[in-house]
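Heads up, the thing below is written out as structure tokens.
The values are calculated or read from the model by the stated rules, or taken from the named source; none is laboratory data. Not measured: the values here are computed from a predicted model. These area figures cover heavy atoms from the full protein model, side chains too; ligands, DNA and RNA do not enter into them. Shrake-Rupley method; radii C 1.70, N 1.55, O 1.52, S 1.80 Å.
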Amino acid sequence: YFGFIQLLIKENKYPFIPFLCIDHISKPFDSHNIKVLGEIIKQNYKMISKENFQIFIFDEKTPEDFGYLADNVINLDEDGKSGFVPFYKVKP
């Protein structure tokens with residue numbers, strides 16, 4: 001994915017919003033192998049600056065579990081919240 005996004009940004013030919021949204025990426029990895037994902041993210045940001053590309057990760061794991069220090073972390077699963085639900089309406 002990162003290589004394809006790098007190509008699209010570099011060519012600058014197509015209308016493109018440079019972001020990647022990942023949901024539960026840690027599921028197939030154990031606690032040791034998950035650190036590789038953080039390293040991949042770090043390496044990606046060496047090639048594409050954070051000003052030009054954003055990554056949104058929805059997961060039970062914290063960025064520290066990935067071996068990565070995120071610029072911003074928002075916990076969407078707290079008391080009174082059950083996570084991200086874009087079409088949620090409060091019942092009258």
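Largest first, the residues Glu64, Glu39 sort by 1.4 Å accessible area into Glu64, Glu39. For Gln54, the amide hydrogen comes within under 5 Å of the amide hydrogens of Phe19, Leu20, counting only partners 5 or more places away or on other chains and with H modelled in the peptide plane. Here the accessible area of the range 1-55 is 58 percent carbon and sulfur, with a 1.4 angstrom probe and all protein chains present.
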